[in-house]
1. Please rank Ser414, Ser314, fewest neighbouring Cβ atoms within 10 Å first, as an exposure proxy.
2. Sequence-distant or interchain residues sharing an amide H contact under 5 Å with Val76, placed H: which?
3. For Arg332, Arg89, what ranking results if the residue with the fewest other Cβ atoms within 10 Å of its Cβ goes first?
4. Of Lys62/Lys82; Lys87/Lys305; Lys138/Lys158; Lys62/Lys372; Lys62/Lys179; Lys82/Lys297, which sit over 24 Å apart, Cα to Cα?
5. List residues of the stretch 228-248, by number, whose backbone nitrogen lies under 18 Å from a label position 7 Å along Cα→C-beta of Ser333.
6. With r defined as the distance between the Cβ atoms of Arg19 and Ser58 and R0 fixed at 51 Å, what FRET efficiency is calculated, to the nearest 0.05?
7. Given the Cα-Cα distance of Met79 and Met347 and 0.36 nm per residue of separation, how much length would full extension add, in nm?
8. So if I take the centroid of the Cα atoms in the stretch 403-417 and the same for the stretch 279-317, what is the distance between those two points in Å?
Amino acid sequence: MRAILFLATKDLRLLWRDRMGMFWVFGFPLLMVLLFGSLYSGGGAQNIDVAVADDDGSARAKEFIHKLHQTKALSVQTMSLKDATEKVRSGKVDAFVHVLPGFGKVKLGGGQSIPLEMGADPSKSAATSMLQGILVQKWFESIQDIFTKPGSMKKLVKSSLDNLAVSGTGDAQQDMVLKTFLGNTMDFLDKVDTKTYGSSGPLAKMQIKTVSVLQERAQPRSSFDITFPSGILWALIACATAFAISLVSERTSGTLTRIMLSPLRFWQILAGKGLACFIACVSTSAVLLFIGVTLLKVQLPDPIKASVAVVAVSLGFVGIMMFISVLGKTERSVSGAGWAILLVMAMFGGCMMPLAFMPSWMQSISSLSPVKWGILALEGAVWRDFTYQQMLPSILVLLGVGIVSFVLGTWILSRTKL
């Protein structure tokens with residue numbers, strides 16, 4: 001163990017002395033956090049995944065949900081309110097819409113609230129605003145057909161009057177009541193002023209209530225809460241690349257050969273390199289989180305969960321570092337291959353572009369990137385208020401990627417001629 005610690009200390013000292021390397025490990029990720037934190041302070045989205053919970057069940061509610069399904073900007077799933085809320089909290093959908101009981105019986109007039117509730121991912125404020133506008137639009141469409149396009153309703157009323165005149169209901173008194181009602185309805189449709197119920201009428205004052213999806217303490221207080229996980233991933237990408245290059249540099253310079261001639265075993269040498277990379281990843285993450293909490297007011301409600309997430313992500317990138325180090329025989333080839341692979345992972349994983357901004361085909365393959373799982377684990381610990389059970393899939397994926405990558409890289413290196 002002493003030999004492993006000695007080798008790890010050696011690698012960390014070399015990294016500390018490399019000023020440009022330290023910039024890419026510490027400075028560059030912090031710049032990315034500040035840049036994206038400023039850019040995404042207003043949020044934004046192109047495609048909105050929506051879960052709809054219908055607790056009314058009326059014909060009007062079903063027609064309203066049908067209109068949402070037909071909206072190109074939305075991808076709609078119908079489920080229970082509990083499942084919808086959980087999907088938003090876990091980041092699987094952008095927002096949910098709750099159709100409240102009484103939706104089909106709402107009275108028309110000014111000053112009322114639409115019997116809908118909406119819960120959205122706080123990191124997607126633009127998607128929330130866009131969805132709210134769509135909901136209001138579809139609400140108007142569902143009720144204005146009666147007033148702005150009374151022709152279809154008049155046909156239905158006239159048909160009912162004709163049937164009543166021919167067959168009736170068998171009760172003369174009820175026939176008279178129904179005939180009076182239908183006649184008054186026809187008179188209303190003839191005289192209704194369609195402009196009264198247009199966009200400038202009293203219905204325009206209606207608003208949709210937005211409810212909180214996360215606990216109060218778990219709400220992101222600023223865009224930096226949202227961008228810091230991706231900033232930490234940028235730091236780990238830089239660490240993995242730096243140590244992969246250092247390993248191939250030792251191979252090309254003969255340093256690794258001389259170390260292997262010592263009494264140290266092969267696994268001890270690789271363990272020392274992996275330990276140094278792990279310490280660098282954890283230390284970098286800790287420094288960035290300290291800066292975020294103290295200077296940028298990033299919240300850290302549960303330090304233990306954050307520590308678990310940081311350890312899992314760091315172990316995953318230690319394995320990725322080992323695999324990258326065997327992708328070439330020179331520093332230039334490993335650097336090129338490493339950055340190419342990691343940048344693709346970052347692009348599809350959400351470091352460069354939030355998942356909500358991505359086309360659907362990119363979102364469908366983003367789960368192949370360990371960066372996505374790293375961001376999700378850190379978000380769950382920092383502000384999403386995940387339970388350990390909810391964090392477990394991300395942690396298992398990261399550990400699995402780390403173990404498989406490290407074993408594969410070690411196997412290839414052991415068969416490489418030094």
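1. Numbers: Ser414 11, Ser314 25.
By the 10 Å Cβ count, ascending, the order reads Ser414, Ser314.
2. Residues meeting the criterion, in which the H sits 1.01 Å from N, are Val50.
3. On the way: Arg332 11, Arg89 22.
Placing the least packed residue first, the sequence is Arg332, Arg89.
4. Values: Lys62/Lys82 19 Å; Lys87/Lys305 20 Å; Lys138/Lys158 27 Å; Lys62/Lys372 36 Å; Lys62/Lys179 29 Å; Lys82/Lys297 31 Å.
Cα-Cα > 24 Å for Lys138/Lys158; Lys62/Lys372; Lys62/Lys179; Lys82/Lys297; rest within.
5. Flagged as within label range: 244-248.
6. Values: r = 68 Å, r/R0 = 1.33.
That pair, Arg19 with Ser58, gives E of 0.15.
7. Numbers: separation 268, 0.36 × 268 = 96.48 nm, distance 3.12 nm.
Here the segment from Met79 to Met347 would lengthen by 93.4 nm.
8. After rounding, the separation between the Cα centres reads 29 Å.
Every read-out reported here was derived from the displayed coordinates using simple, explicitly stated rules and does not represent laboratory data. None of these values were measured; they are calculated from a predicted model. A quick note on method: Cβ atoms are made from the backbone with ideal geometry, for glycine too, and the neighbour counts reach across all protein chains shown.
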